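The values are calculated or read from the model by the stated rules, or taken from the named source; none is laboratory data. Only a predicted model underlies this, so the values are computations on that prediction, with no experimental measurement involved. Here the Cβ positions follow ideal geometry from the backbone for every residue, glycine too, while neighbour counts run over all protein chains shown.
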Amino acid sequence: MRFVGKTIRWVLNTIPRPALQRVAEWAVPILGLFYIGKGRRCPICGCERRKFLPYGYGKVREDALCPKCLSLERHRLLWFYLMNNDAEREKIKSLSTILHIAPEVCLMRQFKKIYITKPQNYITADLESPLADMHFDVQSIPMEDNSVDIIICNHLLEHVESDYKALQEMYRIMRNGGIGVMLAPIDYSRETTFEDDTITDPKQRAELFGQYDHRRVYGKDYLERLRAAGFEAEEIDYAAEFSDYARTLYSFGCDHLYIVRKG
C-alpha cells in the first residue's frame, strides 16, 4: 500500500489546508477501504481496521491516520488522557468553557456532542480554517482576560512567528485554576529549540523544521518555553502507562503530552 502513503504525502504538501479540511472527511474514508479488517481500534470513534492509514508531510508514518474520524496517534492518546484523568474529565463534564485552537475534526466532533446542551461554552478558533467559529492570529486573541477554563492548542506553536507572544495571550485569557493541552513536535535529540526566521523557502523549512510551514523545531527545552509564559507545565509520557497490546491496538505512537495550568 505504498501508493496510499505517497498519495497522502502529495496531497498534504500540495493542497492548501483550508481546501484540504473540506475534502478530507469524504476522501480519507475511501482510502480506508483498502484497510478493512481488525487489528486496530480508534478510541475516539470506535473505527476498526487491520491498520490505520499512513500519514506525513515528509517522512510518512505507517499506522497513523484513522480513516473514519481522521485522528492521528497524538489525538487518540490525548483523548484517553482527557477522559481518564480526574481533573480534566471533571472540567469537561461540568461544561467549563473550552477554547479549541486549530481544532482537530476528530476531537471537535466529540466535544460538540458533550457540549450539545451548552454549545456556547465550546469555542473553536483558527487563523483561516472554515471549520472554526472564530478567526484570529493566536498572537493577538480577541478575548477578555480570564475568560476560558480549558485551552487545547496542539501542533500550532511551531507555525507562528512568536510562540512566546502566543503563549502569553493564552495565559492572559485562561482563568486561575485553568488547564491547557499544548502539544508540539519535539526533536528529543536537541537540547534547545532551533528557529531562524530568515529561512522562508518552503523546501528549506521542510528540510530543517520538518514541514514546509513550520518556523522552528522544538528541542528538550519546550517545557521551559511553556513555563516562561507563566504557566505551570508538566511533560507526561502517557503512552508508557499502557501495555504493549494497548499501544499497538490504538496506535498511540510515542509523543509526550504537555499539560499547562494557571494558578
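Observations, loosely collected:
- Any chance Gly263 is out of contact with any helix residue (DSSP H, G or I) (no Cβ under 8 Å at 6 or more places or on another chain) and not in a loop (DSSP other than H, G, I, E, B): no
- If you go through segment 107-137 and keep only what is hydroxyl-bearing (Ser, Thr, Tyr) and closer than 25 Å to Cys66 by Cβ, you end up with Tyr115, Tyr122, Thr124, Ser129.
- Yes/no for Ile179 being among the aliphatic types (A, V, I, L, M), in contact with a Lys or Arg (Cβ under 7 Å, 6 or more places away or on another chain) and at pLDDT below 95: no
- If you go through segment 43-101 and keep only what is among the charged types (D, E, K, R) and in contact with a helix residue (DSSP H, G or I) (Cβ under 7 Å, 6 or more places away or on another chain), you end up with Arg49, Arg50, Lys51, Lys68, Arg76, Glu88, Arg89.
- Some residue of segment 89-99 being in contact (Cβ under 8 Å) with a residue 40 or more places away in the chain, touching a Cys at 6+ places or on another chain (Cβ under 7 Å), of a type in the set (Lys, Arg) and in the same structural domain as Asp213 (by TED's automatic domain parsing): no
- One residue stands out among those in segment 55-103 that are among the acidic types (Asp, Glu) and modelled with pLDDT under 95: the one that is surrounded by the fewest Cβ atoms within 10 Å (Cβ to Cβ), which is Asp86.
- Within segment 58-76, the residues that satisfy the criterion of being in contact with a Cys (Cβ under 6 Å, 6 or more places away or on another chain) and not small (Gly, Ala, Ser) are Cys66, Lys68, Cys69, Leu70, His75.
- A Cβ distance below 6 Å, combined with a sequence gap of six or more or placement on separate chains, defines the contacts here; from segment 120-142, residues that are farther than 17 Å from Leu107 by Cβ reach residues that are among the basic types (Lys, Arg) and at pLDDT 95 or above in the pairs Gln139/Lys165.
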